[in-house]
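Read through the structure below, which is laid out as structure tokens, and then see the notes.
The values are calculated or read from the model by the stated rules, or taken from the named source; none is laboratory data. Since the model is a prediction, treat every value here as computed from it, not as a measurement. Every residue, glycine as well, gets a Cβ built from its backbone with ideal geometry; the counts of neighbours run over all protein chains shown.
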Amino acid sequence: MFEPPRSQFEEDKALLIGVAFGKEEEEGAKDLLEELRELVQTLGVPIGGSQLIRAREPQPKYLIGKGKAEEVRDIAAELGCNIVIFDNELTPAQQRNWEALTKRAVIDRQEVILDIFAQRAQTREARIQIELARLTYSLPRLTRAWTHLGQQAGGIGTKGEGETQLELDRRRIREQIDRLKKELEEVRRARATQRKDRLRTPVPTAAIVGYTNAGKSSLLNRLTGANVLVEDKLFATLDTTTRKVLLPNHQPLLLTDTVGFVRKLPHLLVEAFHATLEEAVYADFLIHVLDASHPRVFEFYETTVNVLNELGAGNKEVLIVCNKMDKLRERNDTSMRILLRSRFSNAVFVSILTGEGMEELIERISELAARDSVSLQMRIPLARSDLVALLHREGKVHSLEYDTDSVIAVATVPRRVQHPLLPFAVWPANSPGNSPA
């Protein structure tokens, strides 16, 4: 089977390059270059050095001017770096130009993230999605991956005198892309069926979202006792994990941990991982975890909000959780604590590591979960068997008792289906926060 080119980084040493266009971009470019360093370290590539290039405007051939490009070439040679990694997105033509100039492998931030995702994908769904993204990324870049692409091959199925190896490879990649899209559609249908089954029961759902490495998996573990991988690395977990938790008011809740977001997330990944990230779209509410100790926490917040908007989940009710408050206290960073409380006045401030603020967080989650379902005790006439069927179909029936002319039922149902039942309610079942609205 045809395979796209795979990065082999075990013996490489990387030179990291960031380009800032104009003085106003310089500070942000420095921070993004530092984040690129974390991404490359997550990938396991030794770093030989980094360089921030200042330029007036993008140039078509190398992104920067030829003189600066030659400087980068010389720096890579001097440091013994055999791979150059740009924080900026490079076009296929620019990558080819750079590789011709430097005689080294040249990749960009997108390819680094794609390689990280390829290393971390565990489930069939995640593997399909990342392979689809990699193939789509590789398709316009085939001419930089092989030296034999000018050869021609004749025979059955070829056109004219012969079909070049490049044309064959492109055709094979397109065929694989079509096949993967079909497989992904099957996975999405299966996920939709699972979601439909969940929606039939009155169990509210919440999705944990946030910037990568903010503490989402740690929160899921703390609340549910799950054993989800937790590492101090970017994109430590890619696959969604859903666990059920029983809240103090006896309200069950389904919690889903989602993949972390990152600035400059490749659009290919936003599209490819839509089936995974759409758990945020279908959740009743979101728990947005922030790393309060990070100096760019507000930028990370905006990045996550922008991706959620792109996914169609921007109108969800959100509970903001400012995590790692213990680190701020260790640094005695009073100004950041004041800024966070001013910007996110309705947030919960916690340390998942030490347990600080967790009681308040669970209480707030309980309040949100209780808004979406209601427990009722009803006396339903025997002639209204359709309502009893509705209870079984859409809700959770706690008890049923029959007398001569009616059914006495105690059930929990989603608020969206409560209206035909309210005329027969004797009183709301005794459950905190579950009076009908």
- Item | Residue selected from the stretch 359-396 under the condition within 30 Å of LEU319 (Cβ to Cβ) and of a type in the set (Val, Ile, Thr), by the criterion surrounded by the most Cβ atoms within 10 Å (Cβ to Cβ) | VAL374
- Query: If you take the residues in the stretch 312-343 that are basic (Lys, Arg) and surrounded by 15 or more Cβ atoms within 10 Å (Cβ to Cβ), which one is farthest from ALA292 (Cα to Cα)?
  - Reply: LYS316
- Task: Go through the stretch 101-111 and give me each residue that's closer than 19 Å to THR136 by Cα and either in a helix (DSSP H, G or I) or touching a Phe, Trp or Tyr at 6+ places or on another chain (Cβ under 6 Å) (or both).
- Result: VAL106, ASP108, ARG109, GLN110, GLU111
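Every residue, every condition in (1) assigned by TED's automatic domain parsing to the domain that holds ARG104; (2) in contact with a helix residue (DSSP H, G or I) (Cβ under 7 Å, 6 or more places away or on another chain); (3) of a type in the set (A, V, I, L, M), yes or no:
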{"position": "GLY18", "(1), (2), (3)": "yes, yes, no"}
{"position": "PHE21", "(1), (2), (3)": "yes, no, no"}
{"position": "LEU33", "(1), (2), (3)": "yes, no, yes"}
{"position": "PRO46", "(1), (2), (3)": "yes, no, no"}
{"position": "GLN51", "(1), (2), (3)": "yes, yes, no"}
{"position": "GLY67", "(1), (2), (3)": "yes, no, no"}
- Hey, among LEU376, LEU391, LEU368, which residue is free of Cβ contacts under 8 Å to residues at least 40 places away in the same chain and either among the hydrophobic types (A, V, I, L, M, F, W, C) or closer than 30 Å to ALA283 by Cβ (or both)? LEU391
- Task: Would you confirm whether any residue within the stretch 105-126 is on the phi > 0 side of the Ramachandran plot, in the same structural domain as ALA77 (by TED's automatic domain parsing) and modelled with pLDDT of 75 or more?
- Result: no
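Name the single residue, out of those in the stretch 112-134 being assigned to a helix (DSSP H, G or I) and out of contact with any Leu (no Cβ under 8 Å at 6 or more places or on another chain), that is nearest to ALA14 (Cα to Cα).
Ranking the candidates gives ALA118 first.
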- the stretch 76-100, residues that are crowded, with 18+ Cβ neighbours inside 10 Å and either touching a Phe, Trp or Tyr at 6+ places or on another chain (Cβ under 8 Å) or among the hydrophobic types (A, V, I, L, M, F, W, C) (or both): ALA76, CYS81, ILE83, VAL84, ILE85, PHE86, LEU90, GLN94, ASN97, TRP98
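Please state which one of LYS23, LYS61 is at pLDDT 90 or above and among the basic types (Lys, Arg).
Values: LYS23 fails: at pLDDT 90 or above.
Sole residue among the options that is at pLDDT 90 or above and among the basic types (Lys, Arg): LYS61.
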- Message: It is to be established whether one or more residues within the stretch 352-362 are assigned by TED's automatic domain parsing to the domain that holds PRO248, farther than 22 Å from LEU286 by Cβ and among the small types (Gly, Ala, Ser).
- Response: yes
- Query: Does the stretch 151-165 contain any residue that is surrounded by fewer than 17 Cβ atoms within 10 Å (Cβ to Cβ) and modelled with pLDDT of 70 or more?
  - Reply: yes
- Keeping to the stretch 50-97, report how many residues are within 31 Å of the chain's Cα centre (by Cα) and assigned to a helix (DSSP H, G or I). 5
- Task: State whether one or more residues within the stretch 35-45 are touching an Asp or Glu at 6+ places or on another chain (Cβ under 7 Å), closer than 27 Å to VAL259 by Cα and not in a helix (DSSP H, G or I).
- Result: yes
